[in-house]
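**Q** There's a structure below that I have some questions on.
Taken together, the values in this text are just the output of simple stated rules run on the coordinates, not laboratory data. Fair warning: this is a prediction, and the values are worked out from it, not measured in the lab. FYI the Cβ positions are ideal-geometry reconstructions off the backbone, even for glycines, and counts take in every protein chain you see.
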Amino acid sequence: MLVNLRQHCSGASAGFNNEVVIVKIYVCVGSSCHLRGSYEIVSLLKQKLAENKLEDEINLGAAFCLGKCTEGVTMKFNDEVVGGVTKDNFDEVFNKYVLSRTV
Ligand code: FES
């Protein structure tokens, strides 16, 4: 399960302060997702990360076939695979899997 993007540890007990957990987001660029617009989703993702000043906290990556080819563009948030991403529902997906999990 994806945890908060910014996980603030209590300094005394954890031994460090305000550690930011680097979260990985992958966009599938396999052939099916490519045909369904994965590069457009990458552009939207980069734009949203910049708007929310999250570019330095999240690692973006490309993946090849995440096993949900029939659902549309597939993304992966840490270990959570989400299929059916389109430019029309991208904001909803971003809010649900990224922004709502940001402290
Ligand atoms: S090509 Fe993207 S999930 Fe299969």
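**Q** List the aspartates and glutamates whose alpha-carbon lies under 18 Å from that of Lys87, not counting same-chain residues fewer than 8 positions away?
**A** Answer for Lys87, where 18 Å is the Cα cut-off: Glu40, Glu51, Glu71, listed by chain and number.
**Q** Place a +1 charge on the Cβ of each Lys and Arg in region 11-101 and a -1 charge on the Cβ of each Asp and Glu, then give the dipole magnitude about the Cα centre in debye, rounded to the nearest 20.
**A** On the way: 10 positive and 12 negative charges, 35 e Å.
The dipole of region 11-101 has a size of about 160 debye.
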